[in-house]
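What follows is a set of notes on a single structure, which appears directly below.
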């Protein structure tokens, strides 16, 4: 995370962050994270937003588990929550979730743990 990225803890071993880029993945691994979940759809903010494929490649190169679970910013469906709940059972922790601001990822996490 070359520029300071605000990472917020939402559970013992789960954190949320705003948009991350490929170059942030090595720093996330160095910070001790073991998995990253991208909740932001590709091109939500236009063509300058890094794609999930580029972030995934950098995450895997840094030794991180990576999952792409894109969800809408204004609504997370029961299916989205169920998919996140499944990821929470299979991914190694500590876990870093991200979207545009971190809020959507936090909401999705809270929905998933309430299932």
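Worth pointing out:
- Screening residue 60 on (1) within 13 Å of the chain's Cα centre (by Cα); (2) without any contact (Cβ under 8 Å) to a residue 24 or more places away in the chain shows it passes everything except condition (1).
One line per residue, one yes/no per condition, for (1) in contact with a strand residue (DSSP E or B) (Cβ under 8 Å, 6 or more places away or on another chain); (2) under 21 Å from residue 112 (Cβ atoms):
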site: 27; (1), (2): no, no
site: 35; (1), (2): yes, yes
site: 38; (1), (2): yes, yes
site: 44; (1), (2): no, yes
site: 49; (1), (2): no, no
site: 61; (1), (2): no, no
site: 72; (1), (2): no, yes
site: 76; (1), (2): no, yes
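- Candidate set from region 85-115 (those that are touching a helix residue (DSSP H, G or I) at 6+ places or on another chain (Cβ under 6 Å) and in a loop (DSSP other than H, G, I, E, B)); member that is modelled with the lowest pLDDT: 115
- For region 89-112, residues that are without any contact (Cβ under 8 Å) to a residue 60 or more places away in the chain and under 19 Å from residue 65 (Cβ atoms) total 5.
- Test result for residue 61, loosely packed, with under 15 Cβ neighbours inside 10 Å, closer than 13 Å to residue 24 by Cβ and touching a helix residue (DSSP H, G or I) at 6+ places or on another chain (Cβ under 9 Å): yes
The values are calculated or read from the model by the stated rules, or taken from the named source; none is laboratory data. The shown structure was predicted, so the numbers you read here are calculated from the model rather than taken from an experiment. In this analysis, Cβ positions are derived from the backbone assuming ideal geometry, glycine residues included, and neighbour counts consider all displayed protein chains.
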